Amino acid sequence: MDLLKALIVVSEKAANVARVCRKDEHLFDLLVQKKKTAEANPRFVEDFKTLADVLIQEMVKHDIGKQFEELAPNIRGEETNIFKNKLGEKICVEIKHNEEETSNLLEIVLNGDHIAARLLAGEVHKHLNIEDINTDVPHEPFDVKFNELGIWIDPIDCTGEYVHGGAGKCINNVHLNGLKCVTILIGVFNKNTGVPVMGVINRPFLDKEDSQFSQQCIWGVSIPNFKYKSTLKKPTRTNTICISSSEEKGIKEKLENHGFNLIQASGAGYKILTVILGLADAYILTKGTTFKWDTCAPHAILKSIGGDIVNYVDISKEKIESIHYFIEESTCNLNGIIVYQDDNILNEIVGILKL
């Protein structure tokens, strides 16, 4: 219970960092790299969007690790926190004990950019209350064993759309691109079973119109004999399937020939979210191009509402297996994925794809 609340709060802190990087003119200039090559920082090799990713990731590690020490060694993220400048100096980005110390470190990474460093450090060390976040406040008690858990973080999923910005296009309430496809994903899994047990998805750029249909922060818990989630509308069939722009022609033709409408949306996390929200019946990706940090958080939420993410390659087998999150395994979902809420949809899709 306390862990879930902490994850919700830190996801909102992450959302604030993502928003301030776009809202503040100084940070936005760094984000979209408006400076000419000749004016570019000669020591800061990594681009600013990567720093934003890393800073969010390290903030989640710091805040959760500080509150739950048993979890600290098992919190993982997409990004490395080591930056290297042209002088060959390696700089480790981490969250310090207070705002001033974190600002001083970021100033070194940013080659003396005091303004950017102070703005970012301020957001990282800001205190937030869960009651101020656009989500249900968890109240159902449940217990987990922290020594059995690991965490996967995707600090800013759909980074390309985050940088390019804009409202993007929308079809049947599914956003194809733009800031509304950006998500922050924090997923908890059981290290022994490889099963996702808790997930938080934060949508930093949800606007008032979207808020009529969905909360900004969506979460779910799925542990043995207990399922618990934020408020979600009961889905109705849409005959819509989300796919990647790189999906194979033959796969698309089979699905379209059987009456499904296909939508190419941006961001793995967002495409899975469309299934959670009931905007799409499924998300299919036949290639191994998603990673554990993409799927862990939404997978846990799906399991809390009776859905799942399974291996695409298993459609030819008698039994289709869920994807798992064992630490010793590859971080890539090598076998492709099928995301769904309803078993009937899964059976129908498998039948079509096996033809």
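Listing for the model above:
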read-out: Residues that are without any contact (Cβ under 8 Å) to a residue 12 or more places away in the chain and either surrounded by 17 or more Cβ atoms within 10 Å (Cβ to Cβ) or in contact with a strand residue (DSSP E or B) (Cβ under 9 Å, 6 or more places away or on another chain) (or both), drawn from the stretch 54-72; value: Gly65
read-out: Any chance Ile320 is modelled with pLDDT of 95 or more, over 20 Å from the mean Cα position of the chain (by Cα), in a loop (DSSP other than H, G, I, E, B) and not hydroxyl-bearing (Ser, Thr, Tyr); value: yes
read-out: Test: residue in the stretch 282-299 that is assigned to a strand (DSSP E or B), in contact with a Leu (Cβ under 9 Å, 6 or more places away or on another chain) and either without any contact (Cβ under 8 Å) to a residue 40 or more places away in the chain or not assigned by TED's automatic domain parsing to the domain that holds Glu253 (or both); value: no
read-out: Thr274 being in contact with a strand residue (DSSP E or B) (Cβ under 9 Å, 6 or more places away or on another chain) and either assigned to a loop (DSSP other than H, G, I, E, B) or without any contact (Cβ under 8 Å) to a residue 40 or more places away in the chain (or both); value: no
read-out: Some residue of the stretch 153-160 being hydroxyl-bearing (Ser, Thr, Tyr), closer than 15 Å to Val17 by Cα and surrounded by fewer than 24 Cβ atoms within 10 Å (Cβ to Cβ); value: yes
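The rows are residues; the columns are (1) out of contact with any Cys (no Cβ under 8 Å at 6 or more places or on another chain); (2) part of a loop (DSSP other than H, G, I, E, B); (3) surrounded by 15 or more Cβ atoms within 10 Å (Cβ to Cβ).
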| residue | (1), (2), (3) |
| --- | --- |
| Val144 | yes, yes, yes |
| Asn147 | yes, no, no |
| Gly166 | yes, yes, no |
| Ile184 | yes, no, yes |
| Val188 | no, no, yes |
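The values are calculated or read from the model by the stated rules, or taken from the named source; none is laboratory data. Predicted, not measured: the structure shown is a model, and the values here were computed from it. Here Cβ is always computed from backbone atoms with ideal geometry, including for glycine, and neighbour counts include all displayed protein chains.
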